[in-house]
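The values are calculated or read from the model by the stated rules, or taken from the named source; none is laboratory data. Owing to the predicted nature of the structure, the values given are computational and were not obtained by experimental measurement. Using ideal geometry, Cβ is built from the backbone for each residue, glycine included, and neighbour counts are taken over all protein chains shown. The area values use the complete protein model at the heavy-atom level, side chains included, leaving out ligands, DNA and RNA. Shrake-Rupley method; radii C 1.70, N 1.55, O 1.52, S 1.80 Å.
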Amino acid sequence: MATERTLAMIKPDAVKLNVLGEVFSAIEGAGLRPVALKRVRLSRPQAEGFYAVHRDRPFFNDLTAFMTEGPAVIMVLEGENAISVWRGLLGATNPADAEDGTLRKRFGASIQCNGFHGSDATDTAGFEISHMFGGVEIAD
Ligand code: CMP
């Protein structure tokens, strides 16, 4: 077991649903805690930088446009195996394939508007956390 940090995002579609309490309840129930948190409306360059790994994918333009359509809630979650625990709470990328009870099944609408993001590995978590937060914004 390792204490990890992951970048967690509630995307604009899920922010609009006004279900922050239910999301935080799931986070706390899984033994994770937010050590940084903010609500921001990403600029197009910020969204493009965040998803740079997907730059050549056909959905890149639509994805980065969607991510700037409204405010997102962005967090750093800390806890034992935080990366896989948060991804487990989210379920599969496509809400249609996500397991019952997962956040994407409950609140996601489509493979693009899937409500949430979670880092997939420690190196991507490091990149994504530093892309979204300055050091003084993280307090453990
Ligand atoms: P996320 O976990 O944030 O990582 C990359 C995002 O790209 C993903 O969630 C979806 O929002 C989006 N995405 C992945 N695959 C597709 C796809 N086939 N079509 C549209 N959007 C996608």
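Per-structure values
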| quantity | calculated |
| --- | --- |
| Karplus-derived 3J(HN,Hα), 6.51/-1.76/1.60, for each residue of segment 47-57, Hz, glycine and proline x | 5, 5, x, 4, 9, 4, 4, 9, 3, 8, 7 |
| Segment 124-140 - phi-based ³J(HN,Hα) in whole Hz, Karplus 6.51/-1.76/1.60, Gly and Pro as x | 5, 4, x, 5, 5, 5, 6, 5, 9, 10, x, x, 6, 8, 10, 10, 9 |
| More than 13 angstrom apart: percent of Cα pairs within segment 39-108 | 72 |
| Share of carbon and sulfur in the accessible heavy-atom surface of the chain [1.4 Å probe, %] | 50 |
| Positive minus negative residues near M9 (Lys, Arg vs Asp, Glu; Cβ under 12 Å) | +1 |
| Solvent exposure of the chain as accessible area per residue, Å², 1.4 Å probe | 50 |
| Global form of segment 31-74, assessed from the alpha-carbon gyration tensor, a/c cut-off 1.5 | prolate |
| Kirkwood-based shape ratio for the chain, expressed as Rg/Rh from alpha carbons | 0.93 |
